[in-house]
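Report on the following structure.
The values are calculated or read from the model by the stated rules, or taken from the named source; none is laboratory data. Small disclaimer: the values here were computed from a predicted structure and weren't measured. Heads up, the Cβs are rebuilt from the backbone with ideal geometry, glycines too, and the neighbour counts pull from every protein chain shown. Remember, those area values only see protein heavy atoms, side chains included, never the ligands or the DNA or RNA. Shrake-Rupley method; radii C 1.70, N 1.55, O 1.52, S 1.80 Å.
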Amino acid sequence: MSDKLTKQYPKKDYVYLFQFPSYQNVNMSPFCTKVELYLRLTKTPFEIVETSDPRKSPTTKLPYIVFDGQSVCDSSKILDLLDNYFKHNLDEGLDNIQKAEGLALQRLIEEHLYFCMKYYWTTDAGWEGWKLFIPKLPPLIGKYFILPSIKQGSKQQCHAHGISRLSDEKILQQAKLDIDAIQEYLGDKKYLFGDKPSTFDCSAFAMLHSIYDLPIPSPLKDYIDTLPKLKDYVERLGTFLNPKSD
Amino acid sequence: MTTPKKDHVYLYQFPKDCGLPSPSPFCLKVEILLRLLKLPYNPVELSDPRKAPKGKLPYIELNGETLSDSTVIFERLQQHFGKNLDDSLTTAQKAVRLSFQRLIEDHLYWIMKYSWTTDEGWPGWQVFLPKFPMMVGGFVKSMIRKEAISSCELQGIAKAPINVIWEKGKKDLDALSNYLGQKKYFFGDNPSSLDCSLLGLLLCILYLPIPSPIKDYASGIENLNNYVSSMMNDLFPDFWPLK
């Protein structure tokens, strides 16, 4: 607990969500969307503090929250903390096998599909879409420093991960397998594990929404377009995300 | 070198160490597949991955073709020899199989790698590195450590606070243990390709002499240890129990 944070962000039992800007209500980062969706699904009181520069975060990554005088980083840690504190227990209806399957799917989404998506951001075609974010960033620094850093950083991250060592054909094949796996988990159900959303739906929606709704062309976006059940799912969960007005 | 045999796999991998066929989860993954499918093969020891076609181990040679990356290798081997471990899985199980493969190879693997670079783990990891000349050895080793830390940071795992990293690793291990239960293989009575990924990584976490909270936690999970023991007894009687 920090006195300085408590003074600056005084409301109790209230979440200050620090996240990237959005373009036409779609956030730049799927991890920010994941947390925002969780807050809206659970009707947790919160407000967004738009932040273009992730270096202000304690771990230099967004999102982070300030909650009751402490900063909490890492989207999964944030969801765990709030779920326990407010006793929303979004996953309580799931048995241990389902929770294990859910965690595995979350890893597929956040540790693999995420890098496939990033790979397409760094292509020339994908990069054109990023330029739409320029007006949301500080002038000059946004265009000549922040965006090129994102592009270079994404390339380095994809290389470190290993995805960009594969051929284009292999990357697309593996990414489509990931998307097919999400669709298989969903089946004909409303949400991944039944009639109620779980924390795993927050991960799945966030990544699919980023791929499909960000104005960044990619073969993954085109692929989701051919999958009506997934499109419905994204649309259904998307209704929980309102324009910034909280 | 003698003429390579037809339809015979040459598996280029790190040399045997710590009693294991190889101290690398991806090399082990491929060798486990070769043994599960009873494919004819020879391991070829290579200490320096920079000599590999893509700078990474394992890679294989089969009928004059060189293949890198375990996913590519798996596809090719199963296609060439007409044997696919995952044929008996349902469509739903295949989706779960892929998810757990990602958990193991794209997340828990990175947590293990990170644990090699900490102050606790580094002394143990250093022992594995190739022997460098005395004058430059210390410098080269510290560059290798820095490069590993940097790749963990770029991948993202190292960006979280250290206690959060260990918590995530424990969650992964719990999920694997819960899903496996008391089954012989991950999906029941027959092995799947997931068993290759899982056994490969567990062998490294449990048996490489690199201390970490993840090693301690995994050592305490009974069904995972029994799983390793049972599979190694069946597949690697020439290595098990470890010497």
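In region B:25-62, the residue that is most open to solvent (accessible area, probe 1.4 Å) out of those that are at pLDDT below 95 and within 14 Å of chain A (Cβ to nearest Cβ) is B:54. Against the conditions (1) surrounded by fewer than 21 Cβ atoms within 10 Å (Cβ to Cβ); (2) within 14 Å of another protein chain (Cβ to nearest Cβ); (3) over 16 Å from the mean Cα position of the chain (by Cα); (4) not charged (D, E, K, R), residue A:104 satisfies every one except (1).
For the structure I just gave you, tell me whether residue B:108 is touching a residue at least 24 places away in the same chain (Cβ under 8 Å), within 11 Å of chain A (Cβ to nearest Cβ) and touching a Lys or Arg at 6+ places or on another chain (Cβ under 9 Å). In short, yes. When region A:181-193 is filtered for residues that are open to solvent by 40 Å² or more (accessible area, probe 1.4 Å) and part of a helix (DSSP H, G or I), the ones remaining, listed by number, are A:183, A:184.
Determine whether region A:167-180 contains at least one residue that is open to solvent by 20 Å² or more (accessible area, probe 1.4 Å), over 20 Å from the mean Cα position of the chain (by Cα) and touching a residue at least 40 places away in the same chain (Cβ under 8 Å). Yes; the residues of region A:167-180 include at least one that is open to solvent by 20 Å² or more (accessible area, probe 1.4 Å), over 20 Å from the mean Cα position of the chain (by Cα) and touching a residue at least 40 places away in the same chain (Cβ under 8 Å). When residue A:157 is evaluated against the numbered criteria (1) facing chain B (nearest Cβ under 7 Å); (2) open to solvent by 20 Å² or more (accessible area, probe 1.4 Å); (3) free of Cβ contacts under 8 Å to residues at least 12 places away in the same chain, which criterion, by number, is the only one it fails? So residue A:157 meets the others, but not (3). Pairs linking a residue in region A:45-62 that is within 12 Å of chain B (Cβ to nearest Cβ) and modelled with pLDDT under 85 to a residue that is in a loop (DSSP other than H, G, I, E, B) and open to solvent by 50 Å² or more (accessible area, probe 1.4 Å), with Cβ atoms under 8 Å and 6 or more positions apart or on different chains, are A:54/A:60; A:54/A:61; A:59/B:161.
Among the residues in region A:201-222, are any within 14 Å of chain B (Cβ to nearest Cβ), in contact with a Ser or Thr (Cβ under 9 Å, 6 or more places away or on another chain) and more than 23 Å from residue A:24 (Cα to Cα)? Taking every residue of region A:201-222 in turn, none turns out to be within 14 Å of chain B (Cβ to nearest Cβ), in contact with a Ser or Thr (Cβ under 9 Å, 6 or more places away or on another chain) and more than 23 Å from residue A:24 (Cα to Cα).
Restricting region B:85-100 to residues that are more than 8 Å from chain A (Cβ to nearest Cβ) and in a helix (DSSP H, G or I) leaves a set whose member that is least open to solvent (accessible area, probe 1.4 Å) is B:97. Out of the residues in region B:144-163 that are of a type in the set (A, V, I, L, M, F, W, C) and out of contact with any Cys (no Cβ under 8 Å at 6 or more places or on another chain), state the one that is farthest from the other protein chains (Cβ to nearest Cβ). Ranking the candidates gives B:144 first. Each residue in region B:196-243 was checked for being in contact with a Pro (Cβ under 7 Å, 6 or more places away or on another chain), farther than 16 Å from residue B:174 by Cβ and not aromatic (Phe, Trp, Tyr), and 3 pass.
Scoring residue A:96 on the criteria (1) within 25 Å of residue A:173 (Cβ to Cβ); (2) polar (S, T, N, Q); (3) within 9 Å of chain B (Cβ to nearest Cβ) leaves a single failure, condition (1).
Name the single residue, out of those in region A:1-24 being among the polar types (S, T, N, Q) and surrounded by 13 or more Cβ atoms within 10 Å (Cβ to Cβ), that is nearest to residue A:202 (Cα to Cα). Residue satisfying both the conditions and the ranking: A:19. Those residues that are without any contact (Cβ under 8 Å) to a residue 24 or more places away in the chain, surrounded by 15 or more Cβ atoms within 10 Å (Cβ to Cβ) and of a type in the set (Ser, Thr, Tyr), I need them from region A:122-154; list them, please. Within region A:122-154, none qualify.
Scanning region A:29-51 for residues that are in contact with a strand residue (DSSP E or B) (Cβ under 7 Å, 6 or more places away or on another chain) and either in a helix (DSSP H, G or I) or among the aliphatic types (A, V, I, L, M) (or both), we see that the one that is surrounded by the most Cβ atoms within 10 Å (Cβ to Cβ) is A:33. Being within 17 Å of the chain's Cα centre (by Cα) and open to solvent by less than 20 Å² (accessible area, probe 1.4 Å) holds for only one residue in A:63, A:54, and it is A:63.
Each residue in region B:220-243 was checked for being surrounded by 15 or more Cβ atoms within 10 Å (Cβ to Cβ) and either among the aliphatic types (A, V, I, L, M) or touching an Asp or Glu at 6+ places or on another chain (Cβ under 7 Å) (or both), and 6 of them qualify. Selection of region B:1-24 for residues being among the aliphatic types (A, V, I, L, M) and exposed (fewer than 13 other Cβ atoms within 10 Å of the Cβ) yields only B:1. Of A:131, A:176, all but one fail to be closer than 22 Å to residue A:226 by Cα, touching a Leu at 6+ places or on another chain (Cβ under 9 Å) and either among the basic types (Lys, Arg) or modelled with pLDDT under 85 (or both); the exception is A:176.
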